[in-house]
Structures are given as structure tokens and as C-alpha cells.
Amino acid sequence: MRKKINFYLIEYAINAILRQKYKNIFIATTLTFLIFLLTSIFFITNSIKYELNSTVDALPEIVVQKIKAGRHYDIETHATEEILAITGVVDAVARVWGYYYFENAGVNFSLVGVDEFEAQYKESLQRVVETSELMNTQDSSMVVGRGVKDTMQKNYYKDYFNFIKPDGTLKRVDLVGVFDGDTQLESNDIIVMSKADVREIFDMRESMATDIVVKVSNPDEVATIASKIKLVFPDSRIITKNDLKISYQNIFDYKSGIFLALFVVSLFTFFIIIYDKASGLSSEEKREIGILKAIGWRVDDVLKEKFYEGFIISFFSYMIGVILAVGFVYIFQAPLLQNIFTGYSQLKTSFELPFIFDVQTLFLVFFLSVPIYIAATIIPSWKISTLDADEVIR
Amino acid sequence: MIELKNVTKSYEINKNNIVVALNDVSMKIGEGELVVLRGASGSGKSSVLSLIAALSKPTTGEVIVDTKQISKLPDNFASEYRRDNIGFVFQKYNLITTLSVKENILLPLVPLNPDPDDADEKLTRVMEMFKISHKKDAIIKNLSGGEQQRVAIARANVNEPKIIIADEPTANLDEKLSLHFIEMLKELKKLNKTIVIATHDPLFFGLDIVDREIEMHNGAII
Amino acid sequence: MILTPEVLAIFILNTIFAFFGIIAFYLSVKIYLNWDLSSTSKAQYRLEKQSYLAATIIKFIFIIKVPLFLFFVFTLDKISNVLTGAMCGAGVVDATDTGTALFVLKIINLYIFAYWIALHNEDVKHEKQPFLKQKFAFFIIAFFLFMAELVIEGVMFGSIEIDKMVSCCGTLYSSTSTSAISSIFALDTSLLLYMFYGIFLLIVVFYFLKNKYLFAISNALFVPISLITLIVFFGTYIYELPSHHCPFCFLQSDYYFVGYLIYTLLFLGTFYGLVVGFVESKKEDKLKSYKMSLIFNSLYVILLTSFVMIYFIRNGVWL
């Protein structure tokens, strides 16, 4: 089974490929393009997944929400005391936050409430509390993310913003700073203000909070603690960091699954095209095969040569496609394609896709391209190889 | 050495049209003999050559070469037999015009993955024998008719076959080149090759190197 | 239903395999029923050409199958990240009723396809193609196993539910669990080891005696005993943990992917051993198979024993 590589045959195969220049360039280009598209999508999702997982890592271990009639309700603030009593819980903080729909721009802002003397559950919020003017003023003020600032400015709000409260009245909040969060994905649409202000805008009672975040000392105990909390508060929904990670992976798999489905369709079309092109033999090609068989090439030899051709073309296209994808995604930051995955709201981020090297992705793309191409050439190659030399030479 | 026993070869063009190329033909060719098959086109000469080269199978009858029955060989083995024993010079040379002289000559050896030194030695030998060494890297389509013919003969000899077959070798050549060809045949005869030539070129008739002439007409020997 | 891109890729390739497999099956039946080497009819001539197609298809399937199997294992590993409780591929295999059966079937099919190719390679060396009918008859049977594998694979991936808890290898491969695998822990470890080294010794003996049938049989026996001792004994030395028996975990990067080497050596060694007994071939080819089998099996034994030895040398005690 360990024979020397037949360089003569490889050389002949390369020459044969070049002899059918136009046909092969067409095939190689199409294949390269498909591979490029597919690899780019995988690269983008891998990078975003990584970003997202980093985001999730920065989140609290456990989030406790109150559920009534299957829907998310405000939770009593004093629940934190009972949760703190559970062994293994280091901290439990009531969060006040929500989405504010700004009608003119058609976007959602995330309003996050902070209190001066409370330990913040996130570093970036801690920084905001410490470094900004937020706590120093008497009037209501806020610190916003870059995307928010731009949106507000576009709608002629420069130094302040008027929130419309649930009772219809306006609440003016002054803009005192712009901040960047830990990752760009999260900070773009955030507005940080005092908890009291957020409660006012959403008409939330002082004794209520949106949810409670819990910090545990031992991450491996999260599941146990989560079930204990559930025992104390049967009407709560517990979301752990792990759940989030899993759901992110599933969302991405779902989205890339859609693309894969599209890819399959185009692959199938491509399969047909290849089959057709490979079957269509010019009389010149037929003559060449006839010559080869007449001078002593066996059917197996011609088959081998045809497969060398197929492998060279598909592998070459694979390498070029992957390299182009690397350039497109990581150097040019994937214009257009990136938006398909990141765009939920108008406040699109322009963040840098981190370079993730994942061998499995490369293997995945390989399996989706090279074997399929070769499969498409099996029957045409066989037909060619079994041509009768006699008929061809005459 | 080569024997055809009651060979019939017919082609079915369609249901109603059957062409009989050879009709119950028998012949024997001894080792080292140079035999010329004479006859007009359609007489069946090319079919005989095709059968000896195991490029086609007889409809009935047997073809035996060197005590081996080659008429029923499976495709792979027929090719192997051809590769090891036959050097075929085609009427239209059948060279790959976009490759070089060197590449064309080595073509029969490619699937064997030969040792580079070995291949080189064989290459040099035939190129010198047929005086085409100086054009080693030239592309076929840039060569003259005579030069192409020399490449064709060199290729046919690169694997040192025992039998040389030529189908109308001088059909596309002028007299001068035809005589050149005959000179090359003399070289091959000296090496005790068995040579079978199908031709209706009168230059071959009565030649001293020809051991025997077999006349054919309408698929049978006269 | 779990539909990651990897799973989808496997499905696509399986569809292609099925399509071409059916063609090969159809041709195999035709050839088996009608092949007559002495005939000069057009039909026979066509059959000869078609036998090339069938052989090419089968070779293609095998060549892709091998890396695809590794990819399959990789995929199982990746899925284990989303399945609660699973920490490696073992959990995923256990997540469904069909997982273990699929795994075993895949390995059997690898042996079967490899055997077919060995038989085919030997067959085409002879003018009369003595094994022709035999090999296509064999493929006809193999085809059903192959299709079964594809179908079961689809069922398995289709029935994985991400919110259902599965067991980790820790519980699967322990003496206290109730799975079928746990019964092997009931056996005495030293007895198993005697059998393991004993059978290997038999392989060496029959190598020198050049008794092909006994050699092949001992190789066949070597497969199950190797796997069992790997799980029960050798695995623990790779993990350096007396309770860690999982045959999947050492395929991961934590253990430098040594699992792939282990299984490859075992497969090659035993496969060549089987070839010796079941494929008639020329003396020199047979000798080569004998040698290959001995070399790979020996490397396998040496590799596993060295894990044990290194642990002992480093720590002065056995696990």
C-alpha cells in the first residue's frame, strides 16, 4: 500500500488540466467562489461566537427572573436576602434595566440602572460609576454608548434626551458621557443612568427590580445553587451562564445551518454542472484517451489520472478559497456578510472580528467540497476511461 | 510467433448494417520476420494490426502471440500486453501535439512510475536511435512531418517491445521521408524485432528487408 | 434534532454515498448473475466495463469513509459541548438508543470495505479474475450493512435532544452502572490481561509458524480483547486515574490525541492479520501482510504497555 508517488502522472494530469484551460478555469473559479463563501461564513460565525462567549463570560453566573403566566415579571428586591442565605452564594444584586423604544429612529435602547454605593456586577459599569459625572449631578443624567450617541444626534438630541414615560409625560435626562463596554457588541446600545431614573421611566416600584444576578464562589456548583434558588422561589426562571452559551451555539448553528442549506442547493447545482462538463468530451479529448490506451495505458491508469486531475482542481480551489476567505474576513472585515449575523437592531456595531483558527472548520469545508467534486467526476471519468481505443484511433 | 486462427471480425453499425472486416482469416508470422500486408483500404489490413495489438477482439477465432492467447484478455491485461510487447506506429502518428518530444516518448512509461534514471536511459537510447535527440524539448506542433514521424517511432520503441506494428506509415510522407522511414526499419530489423506493416505504398514491394508479403482483399487473404 | 453544520456535512456525504452505493449494488447484482468471462458477447463486454465503475465507487466510498469516521468522532466531541452532562463523545453516543450500535457498525464496515479492497486488488492481478463473483457477492451483503449504517446514523443524529440529560463516561464505564458495558468490569482484570498478552503471543507464534488461518483467527480475537483491556485497564494508565475508563476521552487534545494513534495501530494490525487468512494471494504479498500485521499489533501492545510502565517507573506503584 505504500507506493512512491507517481510524479510523472501528476505532471501529466497538470498538463491535461492546462490543455482544457477554459473549461477548467470555469470550474475552478466557481468552486473557489463557493468554498470562499462557505469558509467566510464559518469564519465569521466562529469569530462572533468567540466574541459572544467572551461577553457571556463577563456576565453573572446566574440570573433569576420572576415568571408569571409564562411571562417575565418584575421581581421583589428583597428576594436577594433569601438568595444570599444559600451556601455558595457570594453576592446577589437586584438589577433594574429594560428596553426603551425610541420611535423616531425605530430602535431600542438598553437602559441600565446603577446605584452609587452598590458593587456593580460588571467591570465596565463599575468604571462608569467611578469615572463619569453620573453620580455627581443633582439632575437626572446618563452615560451612553457610542451608537446611542450617534442615533440621538441624528435625531437632533445633543446634550439631553426626552424619555416618554408610560403616563405620557416627558422625562429629561442630561447626557454627561460616552462609554465603551468590555466588548463592542454589548456597549453600543446601552444607556447607563441611576436606578431611580430607570424606575421612573419604566414606572417600576421601588421595591421591585427587573431581575437578580447571583455570583457564586465555585462555578462548578452553579447547577446545584440554581436548583436551590428554584426551591425557594418556585415561580422563578433561572438562567445560568452555561445555558446562554448553549443557546448562542444553537442560534449560530441555526443561522449557519440556513446558509448551509443554501449552500447545499448550490452545491447540487454545481454537481450537475460538473457532471455535464466532465461528460462532454471534445473529440480532441477522446482522441487523447484513445492514444493513451493504444500505447498501453490500462483503464485503471486512465482512471487514476482522471482522479488526479479532479483532486488537483478541487484541492487547489479549496486552498485558494480558504486563503481568500481569510483575507476577506480578517483583513477586510467581511463587508456585507458580517451584517447578516450581527444585525438585530439598527445600532450596528463595527467591531473587529478576532482571528480564530479552528482546524475543524477547515476539515468541514474540505469535506463539503473536495469529495463532492470528485464524486461528481466518478461516472464521467469512468466513461472516458472505458472508451474503446480501437474506435477512437480510426 | 504471431498466429491468427480462423479470425472473423465484424462491426455492427446498426441493426441492419453489419460490416465484415475480416472473414475467416488465418496467418502465421515468425519471430524476427518483417511482413507487409498489402491491399487497398477496406481490405482488412488495419483490422489485422488492431487484433495483433489487442486493440480489438475478434468476433470469432483466436489470436495467439508468443503462445499466449490474447484475443480474450480483459481490458487491463490487454493494455499491459500492449505496453510490454507492442510498439504501434499509427498512420496519423497520434502524438499529443501540445506536449514536448521528450514527454511524448515517455508517455507509455508514465503509469509505471519508473525510476528517473531508468526512464532517462530508455529515452536517450531511442532518441539517439531515431536521431531526434536534438529536438528533445521541442513541442510537437512545431515539428516537421518527418520529425514527428521519428518521435512516433521512438515512442513505439521506448519500452523495448518485441513486435513493431505500423499502419500506413508513409501515407503522409514524400518519397524522401518515406525512404528515411525504411532506413529506420532496417535498424529495427537488425535488432530482431518482429515487424508487421500495413501499406499500399509501392515503395515497400519487393524490398529486400521484407521477408514476406501478404495480399488482402475484402477481408480475406488472396 | 441536532443540526450543526458538521452533522449536515455528514448527511450530505451520506446521501452521496447512498446514491453511489445503490449504483454499485445494482451493478454488483448484474455482474454476479451474468458474468461469463469466456463469452465474447457485447453484454459481457459491457459488464467488464461496469465492473470498473463498481470497483471505483467502492474504493471512493472507502477512501472518504476513513477520514469521515475521524470527522464523525470529532463531531461527537463537539456536540458533547451542547449536551448537558456529556463531557466527551461517550456521552453523545449514549444519548440515544442507536448510538452504540452505530459506532460498532461503523467500525465493522470499515473492516468490511477494507477487506473488499484487499480482495479486489488481489483479484485484478490475475487474468481470469478468480475472485470476481465472490467479491461482488460479498459487496451485495456488505451493501445492506452499509445502508443500515447510513440510516441509523440519520436516526441517531435526528433523535439527539439537547435538553435531555445524558451520562458522562464516568458513570457509563464504571462497575456500578447498569449499561451493557459495565458487565466487562465484572471480569477479573488479571485474567483479562493474561488473555490479552496471551493472544498477542499466539499471534507472534503463528507468525513464525506461518499458519494463515490460526493467525487470522487470533487477530480476530485480538480485537475484542484489546478493546476490553483498553477500557478496563490500559485506559486508566493513560488518564492516570483508576476510575477513568472512557475509550473516547483520550481522543481529545488533553491527551495529545493519542487515541487516534492507538485505534489506528489496532485497526491496521488486525486488518492485515485478517487479510492473511481471508485473501488468497502470492507468497510475497502474503508475507507482507504477515509482517504488517505483526508490526502494527506489536506497536499497539508496546504503546499501551509503555503507558503502564512509565506510570510505574515515575510513581513506584501501580494504580
#### Entry: Point-to-point label distance, C:GLU240-A:THR224, nm (Cα→Cβ direction, 7 Å offset)
2.7
### Query
How would you order A:380-387, B:172-179, C:142-149 from highest to lowest mean count of nearby Cβ atoms within 10 Å?
A:380-387, C:142-149, B:172-179
### Message
Within 12 Å, Cβ to Cβ, of C:LEU294, how many net charges do the neighbouring residues add up to if Lys/Arg are +1 and Asp/Glu are -1?
### Response
+3
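Among C:TRP318, A:TRP97, what is the fewest-to-most ranking by other Cβ atoms within 10 Å?
With the sparsest Cβ surroundings first, the list reads C:TRP318, A:TRP97.
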### Query
Too long at a 29 Å Cα-Cα cut-off: which of A:LYS286/B:LYS72; B:LYS9/C:LYS135; C:LYS128/C:LYS288?
B:LYS9/C:LYS135
### Summary
The ³J(HN,Hα) series, computed from each phi in the range B:166-172 with the Karplus coefficients 6.51, -1.76 and 1.60 at θ = phi - 60°, rounded to the nearest Hz and given as x for glycine or proline, is 10, 10, 6, x, 9, 4, 9
### Under 5 Å, built H, 5+ apart or other chain: amide partners of B:PHE88
B:ILE165
### Task
May I ask you to list the residues of the range B:153-178 whose amide nitrogen lies under 12 Å from a point 7 Å from Cα along the Cα→beta-carbon direction of B:GLU121?
none
### Task
Compute the FRET efficiency between B:THR67 and B:TYR11 as 1/(1 + (r/R0)^6), taking r as their Cβ-Cβ distance and R0 = 22 Å, and round to the nearest 0.05.
0.15
### Task
Name the aspartates and glutamates eligible as straight-distance cross-link partners of B:LYS5: C-alpha to C-alpha under 13 Å, and not fewer than 8 places from it in the same chain.
B:ASP24, B:GLU62
#### Entry: Exercise: per-residue mean of other protein chain Cβ atoms within 10 Å, C:49-60
5
### Task
Would you grab the residues whose amide H sits under 5 Å from the one on B:ARG212? Only those 5+ places off in sequence or on another chain, please, with H modelled 1.01 Å from N.
B:LEU34, B:VAL36
#### Entry: Neighbour-count ranking [beta-carbon atoms within 10 angstrom, fewest first] of B:HIS200, C:HIS245
B:HIS200, C:HIS245
### Task
Quick one: net charge around B:HIS180, please, counting Lys, Arg +1 and Asp, Glu -1 for every other residue with C-beta under 14 Å from its C-beta.
-2
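Which order do the peptides A:228-238, A:141-151 come out in when sorted by mean C-beta neighbours inside 10 angstrom, highest first? All intermediate terms of the calculation are to be shown ahead of the outcome.
On the way: A:228-238: 15.0, A:141-151: 22.3.
Highest to lowest by the protection proxy: A:141-151, A:228-238.
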#### Entry: Antiparallel content of DSSP bridges confined to the protein assembly as shown, in %, to 5
65
### Message
Would chain C count as rounded, prolate or oblate if I go by the C-alpha gyration tensor, calling it rounded below 1.5 in a/c and otherwise prolate when a/b exceeds b/c, oblate otherwise?
### Response
oblate
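Sort the following peptides by mean Cβ neighbour count (other Cβ atoms within 10 Å, averaged over residues), highest first: A:20-33, A:101-114. Provide the component values of the computation, followed by the final result.
On the way: A:20-33: 16.1, A:101-114: 17.6.
Sorting A:20-33, A:101-114 by mean packing, highest first, produces A:101-114, A:20-33.
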### Query
Under 14 Å from the 7 Å Cα→Cβ point of A:TYR100, by amide nitrogen: which residues of the range A:199-213?
A:199-204
### Task
Step through the residues of the range B:41-50 one at a time and calculate ³J(HN,Hα) from phi using the Karplus curve (6.51 cos²θ - 1.76 cosθ + 1.60, θ = phi - 60°), rounding each to whole Hz and writing x for Gly and Pro.
5, x, 7, x, 4, 4, 5, 4, 4, 4
#### Entry: Exercise: per-residue mean of other protein chain Cβ atoms within 10 Å, B:83-92
3
### Task
Mind listing the long-range amide H neighbours of A:THR386? Cut-off is under 5 Å, sequence gap 5 or more, other chains count too, H placed in the peptide plane at 1.01 Å from N.
none
### Residue-count net charge about A:VAL232 - beta-carbon cut-off 14 Å; Lys, Arg +1, Asp, Glu -1
0
### Task
Before rounding to the nearest 500, sum -39500 (n - 2.57) across all DSSP H runs of length at least 4 in the protein assembly as shown and divide by the residue total; then give [θ] at 222 nm in deg cm²/dmol.
-18500 deg cm²/dmol
#### Entry: GNM result for chain C, Cα springs below 10 Å: residue of C:ASN211, C:ASN219, C:ASN109 fluctuating most strongly
C:ASN211
### Query
How well do other chains shield peptide A:8-18, expressed as the mean number of their Cβ atoms within 10 Å of each residue Cβ?
3
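Arrange C:HIS244, A:HIS72 by Cβ neighbour counts within 10 Å, fewest through most, would you?
In order of increasing Cβ crowding within 10 Å: A:HIS72, C:HIS244.
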### Summary
Subtracting the Cα-Cα distance of C:LYS49 and C:THR305 from 0.36 nm times their residue separation yields 87.2 nm
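Each reported figure results from applying straightforward, stated rules to the coordinates on display, with no laboratory input. For clarity, every value in this text was computed on a predicted model and none was experimentally measured. Using ideal geometry, Cβ is built from the backbone for each residue, glycine included, and neighbour counts are taken over all protein chains shown.
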